[in-house]
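Quick notes on the structure that follows.
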Amino acid sequence: MATTTAPPPSQHIIASPKVQKLLQKLHSASEAQEKSISQLLFYLGRLARYYLFNETWSAGADQHMRDKFVSLEPNKCQFLYLLARSIGARNIVEAGTSFGVSTIYLALAVGQNAADPQSNLVAGAEGMTTRGKVIATEKEPTKAARAREHWKEAGSEVEPWIELREGDLLETLRVPDSLPEEIDLLLLDIWTPMALPTLEIVRPKLKRGAVVITDNTAFAKPLYEEFLEYIHHPGNGFKTLTLPFSGGLEMSIYLP
Ligand SMILES: C[S@@+](CC[C@H](N)C(=O)[O-])C[C@H]1O[C@@H](n2cnc3c(N)ncnc32)[C@H](O)[C@@H]1O
């Protein structure tokens, strides 16, 4: 399973040919960036700066990443889509949206869950509702603009199911009463120092059994030290496992 290239999305997800084509185009662009020597050196440099200077992130790193997709690989995105479908996720928070690639998969899943009258996993006390959304978050205005363009291009299967909060998520997710009462899934695909603060903001709204997916927890383990300590601490209510995707993908279930 530890490969970065997966079969074309069409084998795993329900989406129109237009959306499939868009996803393949976006993944190819992201993969080309990620496979470049300069990007590899950037990641190794981050680890070196951590060991030498205890530096987890920097303004220079932000600058370097401003034009990078850093999208989740296709197989991780497909896994997220299937996971969201299997748990009937209606309300998803995505920490780190970039150019909006993983968001497209999450939005497809939420839209399809909301439209599925057979799903017995999504009926609330008030009966079936047709709503749901992915709350996407991006602090870089140029990235947020590109994400919006991609969702517009994807069209009605995707765009209506996304609410983008532009700005620092430490502020945008903290707006009082602005999160759904119950969050089914949280994706943490963000710079490592942001993972724990984001989880702490969202945790009060996680429903019992909610899933938290965190990218790259094996490759960047030293940078995730505090987050991993928190998620493994029995008092915090998570059961967690590192799945053997490239770089490690943490799957944590909230069972307080
Ligand atoms: C790894 S990328 C997300 C990739 C995306 N999930 C995908 O698969 O297509 C992480 C993103 O988080 C954004 N980010 C970092 N710190 C943030 C913050 N405090 N608030 C909002 N976004 C932030 C970065 O600008 C970057 O675009």
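The values are calculated or read from the model by the stated rules, or taken from the named source; none is laboratory data. Since the structure is predicted, the reported quantities are computational estimates derived from the model, not experimental observations. Every residue, glycine among them, receives a Cβ derived from its backbone with ideal geometry; neighbour counts consider all protein chains shown. Accessible surface is based on the protein model in full, side chains and every heavy atom, while ligands, DNA and RNA are left aside. Shrake-Rupley method; radii C 1.70, N 1.55, O 1.52, S 1.80 Å.
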Candidates Pro244, Pro176, Pro117: whichever shows maximal mean-square fluctuation once the chain is modelled as a Gaussian network with Cα springs under 10 Å: Pro176
Of Ser156, Ser178, Ser71, the one that fluctuates the most in a GNM where the chain has Cα springs shorter than 10 Å: Ser178
Residue order for His12, His232 - accessible surface, 1.4 angstrom probe, largest first: His232, His12
Which of Leu40, Gln24, Phe69, positive extreme of dipole for segment 9-118 (C-beta unit charges): Gln24
Where trypsin sites (Lys or Arg not before Pro) fall in DSSP loop in segment 1-109, at most 13 other Cβ within 10 Å: Lys35, Arg66
Accessible-area ranking of Trp57, Trp151, Trp161, largest first, probe 1.4 Å: Trp57, Trp161, Trp151
Fraction of accessible area attributable to carbon and sulfur, segment 14-254 (%, probe 1.4 Å): 57
Where segment 14-254 is the region considered: accessible area per residue in Å², 1.4 Å probe: 45
Reciprocal of mean inverse Cα separation for the chain (Kirkwood radius, Å): 18.5
Pairs of lysine residues in segment 14-254 - Cα separation under 16 Å, sequence separation of 8 or more or cross-chain: 13
GNM result for the chain, Cα springs below 10 Å: residue of Asp215, Asp67, Asp177 fluctuating most strongly: Asp177
With DNA, RNA and ligands ignored, accessible area of Glu149 (1.4 Å probe; Å², nearest 10): 110
Point-to-point label distance, Asp116-Ala32, nm (Cα→Cβ direction, 7 Å offset): 3.5
